[in-house]
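In what follows, a structure is listed as structure tokens, so that the remarks can point back to it.
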Amino acid sequence: SSLTKHLWFICKTLLLMGGAYACGAQGNDTISSDELNAPTDTAGPQTDKEFEEQESQAASAVQRIWRNRKADWQKAAKAAVLTRTAITKVDLENKVGEAPQGWQRDVALALQRGIRYEADTLAAKSGTSVRNLGTTRPLEPDRNFHSVESELFGRVRAACGLTLARYTAIMGLQERQTEPSLRLVSSSDAAGKSSSFFFLSPDQQCIIKSCTPEDWRTLLQVLKKYVERFEEAREEASKMGNHPKQRSSGFMETLLPRYLGLYVLRNLSGDGAEVRVLVMFNIFGGSHKIHRRFDLKGSTVGRKASQKELVKKSPVLKDLDWVDSEKQLALEEADRDRFFAALRRDVQCLQSWNLMDYSLLVGIHTRDPQEELKYEVMPVVIIEDTSRLAYVGIVDILTVYGVRKRAETFFKGQLACGRDVSCQHPKYYGERFLKFILDTVVAVRD
């Protein structure tokens, strides 16, 4: 009858609409006209067989929508969890920084917005939904943001096991976020003589620093060889497999800085000026409290922390401080050999690239006898003996041994102690660096 036909049409439509509602359909998540319209006319089924066929088609449409929406939910939830769980894994005592203000706030916001836009663009090119990045809609283009050599830095992130979704969760502007979440490291907290500004990501996993013109040129000159070194180390680590006692998701086959991205931010204040920033992993972004920090170059001339440095909350000590107060890390022979092989290979690369003035950062966590060490979800590099755990990595690798450094070597060498001053030719600098680490920092456990 006519009443039966209309009742069937109403029921079929409500079934599909109800399925879409249950799946959270909104925005562009609507049901297509093909799914709403059955192959027969709106008069409804004329026979039991036609009724069963249309009933089956309606059920299949709802199931299809449910599967698609469930997959999107899972991907978005995974991206959100990446950010939330990462923030909880860094020890609170290791966290530093404050909310940026003024022009530094503008830099942080532009950087996070740009990284998010870049991720949206890459997702679109690969045919991936932006929902995979934990968002529902892409950002508008930002012509004042430029990602430099994005393909090469993408290869470094891949070697570090850092997916686009995870990098965006760490560094990108999240949906409905209007203020930057990066933390500014004040000059009183920073160590060294650099006038650069530093940010930390919300989870403290990444460091963002301003890039000088000299560092910019040097990094671009060595970038291809740097990426090759990283991929070589990643392949070597993969062949070795996981060590049965490995406590970190990072790999030790290279200790070079993990450079993740290089960006240009233009016209932030309307004057056309540029700000260049470099993103890298934080060597000290681990889950254990760091009790002592060292910056080791292998030199002994003037390499002692100043009184100004010592009064800081987390002072960075130097070579003579290590010699005076810290005993060697007694490693198992296999661990010592693996660590030193990576260090030697890295130094050989730096020597061949004509670079010097780098340091080994060491963050010491003194273990409580009853303490159960946690697995490091962050890709940090650690070595340990029976009483201490150390976060380690090479930093400040972008100083070229040019005319200015040659002059510094000559004059300081004449005024001080010859070859013991910090500034040296890359060949001698690397040899002295390796000797100091091997003789003073690490040893084989008895």
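Residue-by-condition table, conditions (1) touching a residue at least 60 places away in the same chain (Cβ under 8 Å); (2) charged (D, E, K, R); (3) over 21 Å from Arg303 (Cβ atoms):
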residue	(1), (2), (3)
Ser314	yes, no, no
Trp322	yes, no, no
Leu331	yes, no, yes
Arg336	yes, yes, yes
Arg344	yes, yes, yes
Val362	yes, no, no
Thr366	yes, no, yes
Glu371	no, yes, yes
Val377	yes, no, yes
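Taking the criterion of being more than 25 Å from the chain's Cα centre (by Cα), surrounded by 15 or more Cβ atoms within 10 Å (Cβ to Cβ) and over 21 Å from Tyr429 (Cα atoms), the only residue of the stretch 293-318 that qualifies is Glu309. Listed by first and then second residue, the pairs with beta-carbon distance under 7 Å, at least 6 apart or on different chains, first residue in the stretch 419-438 and under 21 Å from Phe340 (Cβ atoms), second modelled with pLDDT under 85, are Gln424/Thr409; Tyr428/Arg419; Arg432/Gln424.
Remark: pairs (first residue in the stretch 169-194, among the polar types (S, T, N, Q) and in a loop (DSSP other than H, G, I, E, B); second residue at pLDDT below 90 and open to solvent by 80 Å² or more (accessible area, probe 1.4 Å); Cβ separation under 8 Å; 6+ apart in sequence or on different chains) = Ser186/Glu98.
Considered as a group, the residues in the stretch 111-142 that are assigned to a helix (DSSP H, G or I) and aliphatic (A, V, I, L, M) include one that is modelled with the lowest pLDDT, and that residue is Val130.
Test of understanding: among Ser387, Ser422, which residue is more than 30 Å from Ile170 (Cα to Cα), modelled with pLDDT under 80 and of a type in the set (Ser, Thr, Tyr)? None of the others qualify; the one that does is Ser422. Within the stretch 92-110, the residues that satisfy the criterion of being open to solvent by less than 20 Å² (accessible area, probe 1.4 Å), modelled with pLDDT of 90 or more and out of contact with any Pro (no Cβ under 7 Å at 6 or more places or on another chain) are Val107, Ala110. Taking (1) out of contact with any strand residue (DSSP E or B) (no Cβ under 6 Å at 6 or more places or on another chain); (2) open to solvent by less than 30 Å² (accessible area, probe 1.4 Å); (3) not basic (Lys, Arg) in turn, Glu332 satisfies each apart from (2). Going through (1) open to solvent by less than 30 Å² (accessible area, probe 1.4 Å); (2) at pLDDT 90 or above; (3) not in a helix (DSSP H, G or I) one by one, Gly154 falls short only on (3). Taking the stretch 283-292 as the range and being open to solvent by 10 Å² or more (accessible area, probe 1.4 Å) and out of contact with any helix residue (DSSP H, G or I) (no Cβ under 7 Å at 6 or more places or on another chain) as the test, the residues that pass are Ile283, His291, Arg292.
When you check Asp142 against the structure, is it touching a helix residue (DSSP H, G or I) at 6+ places or on another chain (Cβ under 6 Å), closer than 16 Å to Val277 by Cβ and open to solvent by 10 Å² or more (accessible area, probe 1.4 Å), yes or no? Steps first, answer last, please.
Details: touching a helix residue (DSSP H, G or I) at 6+ places or on another chain (Cβ under 6 Å): yes; closer than 16 Å to Val277 by Cβ: yes; open to solvent by 10 Å² or more (accessible area, probe 1.4 Å): yes.
Against the criterion (touching a helix residue (DSSP H, G or I) at 6+ places or on another chain (Cβ under 6 Å), closer than 16 Å to Val277 by Cβ and open to solvent by 10 Å² or more (accessible area, probe 1.4 Å)), Asp142 qualifies.
One residue alone among Asp321, Asp346 is over 23 Å from the mean Cα position of the chain (by Cα), surrounded by 14 or more Cβ atoms within 10 Å (Cβ to Cβ) and assigned to a helix (DSSP H, G or I), and that residue is Asp321. Taking every residue in the stretch 300-312 that is in a helix (DSSP H, G or I) and modelled with pLDDT under 95 and pairing it with any residue that is surrounded by 15 or more Cβ atoms within 10 Å (Cβ to Cβ) and not hydroxyl-bearing (Ser, Thr, Tyr), at least 6 positions away or on another chain, the pairs with Cβ-Cβ distances below 7 Å are Glu309/Ala191; Glu309/Pro315; Glu309/Val316.
Does Arg336 fit the bill of being within 23 Å of Ala233 (Cα to Cα), over 25 Å from the mean Cα position of the chain (by Cα) and not in a loop (DSSP other than H, G, I, E, B)? Yes; evaluated as a whole, the condition is true for this residue.
The values are calculated or read from the model by the stated rules, or taken from the named source; none is laboratory data. No experiment lies behind these values; they were computed from the predicted model shown. Heads up, the Cβs are rebuilt from the backbone with ideal geometry, glycines too, and the neighbour counts pull from every protein chain shown. With ligands, DNA and RNA removed, areas are computed over all heavy atoms of the protein, side chains included. Shrake-Rupley method; radii C 1.70, N 1.55, O 1.52, S 1.80 Å.
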